[in-house]
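The values are calculated or read from the model by the stated rules, or taken from the named source; none is laboratory data. All values derive from a computational prediction rather than experimental measurement. Because the Cβ atoms are built from the backbone with ideal geometry, glycine has one as well, and the counts that use them run over all protein chains shown.
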Amino acid sequence: MFGLFSLISLLVIPGICSQEWKVQYTNMMKCVLKGSTTLLSATYKHPDRLTVTEVFWMINPDKEKAINLLDLPDYEGRVEYFLIKNRTMVLRLSNVRREDEGMYCIRLITNEEKQRFLGYPGIELKVTELRVEIPKEVVEKDSPALLCKSSCNLSDRTDFIWYKNGESLSKSSVGNRLTLQSVSSDDTGNYSCAARDQEHLPSPAVTLSVRYPPQSVSVSFSPSGVIVEGDSVTLNCSSDSNPPALNFSWFKENETSAVGSGQSFSISSFNSSFSGRFYCEAQNKYGSGRSASVSLFVYETAAGGQSTGVYAAAGIGAALIGICIIAVVIKILRKRVTPSEERNHRGSRHHKTVESPEDAYMTLDPKSRCSEYDTLDNMKRSCDTDNPEDQDPIYHNTAN
């Protein structure tokens with residue numbers, strides 16, 4: 001009987017004694033952001049007959065060596081201990097680094113040299129950073145999902161905030177997912193995310209580039225303005241597209257096949273046979289876009305020569321712009337006629353007048369106006385029937 005009692009004692013008593021020492025951690029694994037501040041806590045119990053003289057935290061503990069975190073150079077200035085009621089020991093670790101990953105345990109030292117306890121296993125600390133994942137290719141009108149991810153799971157209660165080009169987005173997200181609805185080129189930008197309670201630790205920005213076919217296709221030309229027939233005319237095509245358009249085709253209205261290719265289209269010696277309306281078509285892998293038409297034409301000047309007109313227009317507006325251009329050019333040419341040419345021209349009509357009819361109208365004395373005229377000749381005929389003495393001498397015609 002004595003032998004059986006002794007055997008039971010050896011089996012039971014160590015179990016009872018081991019239960020007198022106890023360390024309970026709040027969680028056995030914790031994931032934190034690099035650069036953040038985190039709290040680790042543990043509640044402990046010890047035999048009542050013993051007095052705990054020291055409690056401290058260790059990392060990756062070695063049973064042979066018990067090194068306090070406060071004594072490690074890498075943790076200097078970043079570690080604080082708080083001992084609160086119910087025998088709870090809290091570690092506050094700030095500016096967390098990748099090198100801080102490991103297992104954190106508490107060590108209890110008592111008033112008896114051989115009565116010490118290590119709370120093993122402890123809390124496994126993981127250090128992570130946020131990153132944004134986007135689809136490899138996003139095309140206009142897609143609805144892509146952007147994900148805010150990390151190498152380990154942060155708290156289940158973590159809420160995320162999203163940024164575009166450094167500005168917070170009002171668009172709502174579900175968990176770590178942000179969905180952009182029916183994207184366009186306006187959604188292109190640099191996106192980043194952050195935990196809402198750690199907004200000062202955002203992820204690196206990732207560029208979302210929305211692909212779309214050419215739009216806002218336009219044509220410019222050189223030289224600008226009116227050129228002389230026989231000169232070279234070059235048309236240039238430009239567009240807004242992503243990726244940039246690489247294929248350009250040139251067409252003349254009412255013709256089925258292209259008349260040229262490349263971003264620039266040149267006519268080395270322009271003449272009336274080239275007159276017409278031209279447009280370009282820009283293309284990338286996502287589609288194509290067409291420009292408005294540009295009209296090239298040749299018209300005769302008042303001096304009998306020819307000039308080439310170039311303008312960009314479409315529809316009825318093209319004709320109106322063409323008429324205006326021709327009118328302006330003819331007016332300029334008329335102003336260039338010399339006074340002697342004007343006098344000779346007027347002499348052929350068998351009367352003499354002032355050099356500039358426009359000047360005559362501009363300087364006409366209102367007191368001498370006759371109500372029956374609408375031209376200078378009408379004025380003369382009408383005023384001749386009145387009293388000549390009332391007429392202004394400058395408008396008198398002298399017989400040849």
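Answer yes if at least one residue in segment 241-253 is more than 32 Å from the chain's Cα centre (by Cα), outside any strand (DSSP E or B) and at positive phi, and no otherwise. Checked segment 241-253: no residue is more than 32 Å from the chain's Cα centre (by Cα), outside any strand (DSSP E or B) and at positive phi.
Looking at Ser220, Ser224, Ser238 in this structure, which one is under 20 Å from Tyr279 (Cβ atoms), assigned by TED's automatic domain parsing to the domain that holds Gly287 and in a loop (DSSP other than H, G, I, E, B)? Spell out the reasoning first.
Numbers: Ser220 fails: in a loop (DSSP other than H, G, I, E, B); Ser238 fails: in a loop (DSSP other than H, G, I, E, B).
Only one candidate passes the filter, namely Ser224.
Pairs linking a residue in segment 262-281 that is in contact (Cβ under 8 Å) with a residue 60 or more places away in the chain and assigned to a loop (DSSP other than H, G, I, E, B) to a residue that is surrounded by fewer than 16 Cβ atoms within 10 Å (Cβ to Cβ) and polar (S, T, N, Q), with Cβ atoms under 7 Å and 6 or more positions apart or on different chains, do not occur. Filtered by the rule that a residue be more than 21 Å from Lys126 (Cα to Cα) and exposed (fewer than 11 other Cβ atoms within 10 Å of the Cβ), segment 55-70 gives Lys63, Glu64, Lys65. Would a scan of segment 230-238 turn up a residue that is under 25 Å from the mean Cα position of the chain (by Cα) and without any contact (Cβ under 8 Å) to a residue 60 or more places away in the chain? There is at least one residue in segment 230-238 that is under 25 Å from the mean Cα position of the chain (by Cα) and without any contact (Cβ under 8 Å) to a residue 60 or more places away in the chain.
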